[in-house]
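Trainee: The structure is given below, and queries will be raised subsequently.
The values are calculated or read from the model by the stated rules, or taken from the named source; none is laboratory data. Keep in mind that this is a model prediction, so the values were computed, not measured. Reconstructed Cβ throughout: ideal geometry from the backbone, glycine too, with neighbour counts over all protein chains shown.
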Amino acid sequence: MKKNKIEIIPAILPRDFRELEEKISMVKDFVNTIQIDICDGQFTRIPTWPYKKKDEMFRKMISQEEGLPGWDKVNFEFDLMVNMPEEVVTEWVSIGAHRIILHLESKGDIKKAIDDIKGKVEIGLALNMETSIDSIDSYIDDISSVQLMGIDNIGFQGQQFDEKVLERVVEVRMKYPDLTITVDGGVSLETAPKLVLAGANRLIVGSAIFESDNYIEAIQKFKGINK
């Protein structure tokens, strides 16, 4: 059986710009894409950069006076765990997003958010554990990927993996054989092979990289999973 090509994407949940800068510098030379988790403190309980406090660097990046650290080395995808994404999504395009992930459960107008950035960046839709796979049907022509959450409580790293996501990966793969399937949450060297076997193409890895004793070695081990 032909193996899926697997992409490993480190995930940064930045408390502030300093942490963002530090963690980008750690991994930018070893991967093609980094995911930055953006939490507004409304859709999620706790806000992250840049919504945690007023951030002047964020304003400068929107106006393109400054660039994201490592912008010339790596692509960035922004996982927007925010309500009213249609009000902010173009700001993340201006900052230099390669891909934007929208959460289907967020309050607001997902369709408008998609229409506003369609053709400018890749678009993915994220689904929480209890959200029906069928809910992506009406958006399927506008998205390049679906991100299945492998944990129940989003916006936090280091949580326990929920095995139910394996069945959801299989369900999406059967329904949409060519769609890129991402799994975010609870991905470790133990759970990753199961996800690949189920049909996932992309694995978002946070604490299993950044909290490891050797993050470079951890990345290489993840990359070697399907070889």
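Trainee: Against the definition (farther than 18 Å from Ile100 by Cβ and either at pLDDT 95 or above or part of a loop (DSSP other than H, G, I, E, B) (or both)), how does Asp141 come out, yes or no? Reasoning before the result, please.
Mentor: On the way: farther than 18 Å from Ile100 by Cβ: no; either at pLDDT 95 or above or part of a loop (DSSP other than H, G, I, E, B) (or both): yes.
The answer is no for Asp141.
Trainee: Collect the residues in the range 5-29 that are buried (at least 17 other Cβ atoms within 10 Å of the Cβ), in contact (Cβ under 8 Å) with a residue 60 or more places away in the chain and assigned to a loop (DSSP other than H, G, I, E, B), keeping them in residue-number order.
Mentor: Ile6, Leu13
Let's see how each residue does on (1) in contact with a Lys or Arg (Cβ under 8 Å, 6 or more places away or on another chain); (2) not hydrophobic (A, V, I, L, M, F, W, C):
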{"position": "Arg15", "(1), (2)": "yes, yes"}
{"position": "Val27", "(1), (2)": "no, no"}
{"position": "Thr33", "(1), (2)": "yes, yes"}
{"position": "Trp49", "(1), (2)": "yes, no"}
{"position": "Met61", "(1), (2)": "no, no"}
{"position": "Leu68", "(1), (2)": "no, no"}
{"position": "Ile95", "(1), (2)": "no, no"}
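Trainee: Restricting the range 9-26 to residues that are charged (D, E, K, R) and over 16 Å from the mean Cα position of the chain (by Cα), which is nearest to Glu77 (Cα to Cα)? Steps first, answer last, please.
Mentor: Step one: of the range 9-26, the residues charged (D, E, K, R) are 15-16, 18-19, 21-23.
Keeping just the survivors that are over 16 Å from the mean Cα position of the chain (by Cα) gives 15-16, 18-19, 21-22.
On the way: Arg15: 17, Asp16: 17, Arg18: 19, Glu19: 17, Glu21: 15, Glu22: 17 Å.
It comes out as Glu21.
Trainee: Could you count how many residues in the range 32-44 are surrounded by fewer than 20 Cβ atoms within 10 Å (Cβ to Cβ) and either among the small types (Gly, Ala, Ser) or modelled with pLDDT of 95 or more (or both)?
Mentor: Qualifying residue count for the region: 3.
Trainee: Select from the range 144-167 the residues that are more than 19 Å from Cys39 (Cβ to Cβ), at pLDDT 95 or above and not in a helix (DSSP H, G or I) and list them in ascending order.
Mentor: Selection gives Ser144, Ser145, Val146.
Trainee: Taking Ser144 as meeting all but one of (1) surrounded by 22 or more Cβ atoms within 10 Å (Cβ to Cβ); (2) small (Gly, Ala, Ser); (3) closer than 30 Å to Ile110 by Cα, write down the number of the exception.
Mentor: (1)
Trainee: Right, another one. Among the residues of the range 202-209, is any of a type in the set (Gly, Ala, Ser), outside any helix (DSSP H, G or I), over 14 Å from the mean Cα position of the chain (by Cα) and surrounded by 17 or more Cβ atoms within 10 Å (Cβ to Cβ)? I'd like the intermediate steps shown before the answer.
Mentor: Of the residues in the range 202-209, the ones of a type in the set (Gly, Ala, Ser) are 206-208.
Checking which are outside any helix (DSSP H, G or I) leaves us with 206.
If we keep only those that are over 14 Å from the mean Cα position of the chain (by Cα) too, we end up with none.
Scanning the range 202-209, I find no residue that is of a type in the set (Gly, Ala, Ser), outside any helix (DSSP H, G or I), over 14 Å from the mean Cα position of the chain (by Cα) and surrounded by 17 or more Cβ atoms within 10 Å (Cβ to Cβ), so the answer is no.
Trainee: Looking only at residues in the range 36-79 that are of a type in the set (S, T, N, Q) and closer than 12 Å to Gly96 by Cβ, which one is farthest from the chain's Cα centre (by Cα)?
Mentor: Filtering the range 36-79 down to residues of a type in the set (S, T, N, Q) leaves 42, 44, 48, 63-64, 75.
Next cut, closer than 12 Å to Gly96 by Cβ only: 64, 75.
Numbers: Gln64: 23, Asn75: 12 Å.
For the range 36-79, the residue satisfying everything is Gln64.
Trainee: Now for a separate question. Hey, any hits in the range 216-225 for a residue that's polar (S, T, N, Q), at negative phi and surrounded by 15 or more Cβ atoms within 10 Å (Cβ to Cβ)? Lay out the reasoning, then the answer.
Mentor: Going through the range 216-225, the residues polar (S, T, N, Q) turn out to be 220.
Next, from what is left, pick out any that are at negative phi: 220.
With surrounded by 15 or more Cβ atoms within 10 Å (Cβ to Cβ) added as a condition, the list becomes none.
No, that holds for no residue.
Trainee: Inspect the range 168-177 for any residue being surrounded by 20 or more Cβ atoms within 10 Å (Cβ to Cβ), at pLDDT 95 or above and part of a strand (DSSP E or B) and give the result as yes or no.
Mentor: Within the range 168-177, not a single residue is surrounded by 20 or more Cβ atoms within 10 Å (Cβ to Cβ), at pLDDT 95 or above and part of a strand (DSSP E or B).
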